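J.: Below is a structure I'd like to ask you about.
Please treat every number below as a calculation from the coordinates, not as lab data. What you are looking at is a predicted structure, and each value in this text was computed from that prediction instead of being measured. With ideal geometry, Cβ positions are generated from the backbone for all residues, glycine too; neighbour counts draw on all protein chains shown.
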Amino acid sequence: MEYVKVAQTTELPPGSKKKISLGNKDILLTNFEGTYYALDNRCPHMGGSLFDGKLEGNHIICPKHGSVFDVKTGRVVERGSILFIKVKVDDLHQYPVKIEGTDLYIGIE
Ligand code: FES
């Protein structure tokens, strides 16, 4: 696994998010209560950009159909819906995050 420097801790206060592009991956980096989490930015349902969704506590809400994910685990908390029908959606892939000084690194396979 290779760790890539992606941001400074000072850029990302608690409750904030940042979108990182690494090669062909878009990654959502969040700070929840002082801990940093990195997940795929693309919603597994139909590719909504989670960065454009609302971050409420440890939940990120997909802007397309409202699926809710836990930023700490990538797990689906609540499936979104289209015309009152719940969508089928998988959990998000999570990436390891490492901090050295004020540098934030994401581990990529
Ligand atoms: S694209 Fe995210 S819930 Fe449909």
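J.: List His93, His65 from most exposed to least, where exposure is judged by having the fewest other Cβ atoms within 10 Å. Mind showing how you got there, number by number?
T.: Details: His93 14, His65 19.
Least crowded to most crowded, the residues run His93, His65.
J.: With θ set to phi - 60° and the Karplus curve 6.51 cos²θ - 1.76 cosθ + 1.60, what are the ³J(HN,Hα) couplings of the stretch 14-25 in order, to the nearest whole Hz, using x for Gly and Pro?
T.: x, x, 10, 9, 8, 9, 10, 10, 10, x, 9, 9
J.: Pairs Lys17/Lys72; Lys18/Lys88; Lys64/Lys98; Lys72/Lys98; Lys17/Lys86; Lys54/Lys98: which are spaced more than 22 Å apart, C-alpha to C-alpha?
T.: On the way: Lys17/Lys72 13 Å; Lys18/Lys88 26 Å; Lys64/Lys98 30 Å; Lys72/Lys98 15 Å; Lys17/Lys86 27 Å; Lys54/Lys98 25 Å.
Pairs exceeding 22 Å: Lys18/Lys88; Lys64/Lys98; Lys17/Lys86; Lys54/Lys98.
J.: Which of the three applies to the chain, rounded, prolate or oblate, going by the alpha-carbon gyration tensor with a ≥ b ≥ c and a/c under 1.5 meaning rounded? List each step's numbers first, then the result.
T.: On the way: a/c = 2.37, a/b = 1.75, b/c = 1.35.
Prolate.
J.: Name the shape class, rounded, prolate or oblate, that the alpha-carbon gyration tensor gives for the stretch 50-91, where a ≥ b ≥ c are the square roots of its eigenvalues, rounded holds for a/c under 1.5, and otherwise prolate holds if a/b is larger than b/c and oblate otherwise.
T.: In terms of gyration-tensor shape, oblate.
J.: Amide H to amide H, which residues 5 or more places from Phe32 or on other chains are under 5 Å from it, using H placed in the peptide plane?
T.: HN-HN under 5 Å from Phe32: Gly15, Tyr37.
J.: Oh, and also: At a Förster distance of 41 Å, what's the computed FRET efficiency of Thr9 paired with Lys86, Cβ-Cβ distance as r, to 0.05?
T.: 0.65
J.: Right, next: Specify whether the C-alpha gyration tensor of the stretch 21-72 places it in the rounded, prolate or oblate class, a ≥ b ≥ c being the square roots of the eigenvalues: rounded for a/c under 1.5, otherwise prolate if a/b is larger than b/c and oblate if not. Intermediate results must be reported in sequence, preceding the final value.
T.: On the way: a/c = 2.31, a/b = 1.12, b/c = 2.06.
Oblate, because a/c is 1.5 or more while a/b does not exceed b/c.
J.: Still on this structure, I have one more. So what is the relative contact order of the chain, in percent, for Cα pairs below 8 Å that sit 6 or more residues apart?
T.: Details: 241 pairs, mean separation 30.2, N = 109.
Computed value for the chain: 28 percent relative contact order.
J.: How do Lys17, Lys88 rank when sorted from fewest to most other Cβ atoms within 10 Å of their own Cβ?
T.: Working: Lys17 20, Lys88 10.
In increasing order of surrounding Cβ atoms, one gets Lys88, Lys17.
J.: Between Arg79 and Glu109, what is the label-to-label distance in nm when each label sits 7 Å out along the Cα-to-Cβ direction?
T.: 2.5
J.: In the Gaussian network model of the chain, springs joining C-alpha atoms below 10 Å, which of Ile60, Ile27, Ile85 carries the largest mean-square fluctuation?
T.: Its mean-square fluctuation being the largest, the pick is Ile85.
J.: Quick query: amide H of Ala7 versus all other amide H atoms, modeled in the peptide plane; which residues come in under 5 Å with a sequence gap of 5 or more or a different chain?
T.: Leu104
J.: Spin-label point model (7 Å from Cα, Cβ direction): what's the Lys98 to Leu22 distance in nm?
T.: Label-label distance for Lys98 and Leu22, simple model: 1.1 nm.
J.: Shifting gears a bit: Return Ile20, Ile106 ranked ascending by Cβ neighbour count within 10 Å, so the fewest neighbours appear first.
T.: Numbers: Ile20 18, Ile106 21.
The order, fewest Cβ neighbours first, is Ile20, Ile106.
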